[in-house]
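Report on one structure; see the data block that follows.
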Amino acid sequence: MELHELLKDCSQRQKKGLHFIIASVVVWCLILIVHLMNITIEQKNLFTFCCSAVLFPLAWMMSKVLNIDFEGKGNPLTKAGILFSVNQMLYILIAMWVYAAVPNKMLMVYSMIFGAHLMPFSWLYQSKSYLVMSIVIPILSLIIGLIYPPYVLAILMAAIEIVFSICLYIESKRSQY
């Protein structure tokens, strides 16, 4: 297969990664609950990292519900998608530093990293939604994170992920025709 065909196959079989974005709605709702709790910011930040641990199991379950090929076997570009995801783990080290140095801004940095890591998926899934969100999320995270308490940012992120899911669903439906 040519590159264009591989990209189209990956996008269609994995429905543009919709299962991961829907799972991230749940993760951001969990993060919101954590940041509404009456505990220290250090505890909130620690639990924020813990909330992220459910992303892959939730995405796998969503792939079953939505009939999405989770593993993408047979398409070599699936390895690129895995690499794009794992790459984010290196940037989480920055959020871990912020956790200790400026705890009140950890969620802001965390959400900026989350948003920025979406950019390569715009190429993999041939998706304008990923491209737009990879730019909008870090910028909004910076602005909201500098002005408002972290729970406001968590609300914004949950809302953005819902809108993002809807956009991906529409994109996915259009690309099937």
Study note, to complete from the structure: Checking CYS10, CYS50 in turn, the sole residue that is assigned to a helix (DSSP H, G or I), at pLDDT below 95 and farther than 17 Å from VAL152 by Cα turns out to be CYS10
Point to revise | Where a residue in segment 11-39 is farther than 30 Å from GLY74 by Cα and its partner, wherever it lies, is outside any helix (DSSP H, G or I), with Cβ under 9 Å and at least six apart | key: LEU30/VAL54; HIS35/PRO149
Review point. With TYR99, TYR91 as the choices, which residue is open to solvent by less than 70 Å² (accessible area, probe 1.4 Å) and farther than 22 Å from LYS173 by Cβ?
Key: TYR99
Review point. Which members of segment 102-123 meet the condition of being of a type in the set (A, V, I, L, M) and either crowded, with 21+ Cβ neighbours inside 10 Å or under 14 Å from the mean Cα position of the chain (by Cα) (or both)?
Key: MET106, LEU107, MET108, VAL109, MET112, ILE113, ALA116, LEU118, MET119
Review point. Counting just the residues of segment 144-154 that are open to solvent by less than 80 Å² (accessible area, probe 1.4 Å) and not in a loop (DSSP other than H, G, I, E, B), which one comes out farthest from SER52 (Cα to Cα)?
Key: ILE144
Practice item. Identify all residues within segment 130-142 that are open to solvent by 20 Å² or more (accessible area, probe 1.4 Å) and closer than 20 Å to GLU171 by Cβ; write none if there are none. Key: LEU131, VAL132, MET133, ILE135, VAL136
Exercise for review: With respect to LEU168, determine if the residue is of a type outside the set (Lys, Arg), modelled with pLDDT of 95 or more and open to solvent by 20 Å² or more (accessible area, probe 1.4 Å).
Suggested key: no
Check your understanding: Does segment 60-78 contain at least one residue that is of a type in the set (Asp, Glu) and either buried (at least 17 other Cβ atoms within 10 Å of the Cβ) or closer than 21 Å to SER175 by Cβ (or both)?
Key -> yes
Practice item. Show the residue pairs that are 6+ apart or on different chains and have beta-carbon atoms under 8 Å apart, the first residue being within segment 54-75 and within 12 Å of GLN14 (Cα to Cα), the second being hydroxyl-bearing (Ser, Thr, Tyr). Key: ASP69/SER63; PHE70/SER63; GLU71/THR78; GLY72/THR78
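The values are calculated or read from the model by the stated rules, or taken from the named source; none is laboratory data. The structure presented is a predicted model; accordingly, all values stated were derived computationally and were not measured. As a convention, Cβ positions derive from the backbone with ideal geometry for all residues, glycine included, and neighbour counts pool all protein chains shown. Only protein heavy atoms, including side chains, enter the accessible area calculation; ligands, DNA and RNA are left aside. Shrake-Rupley method; radii C 1.70, N 1.55, O 1.52, S 1.80 Å.
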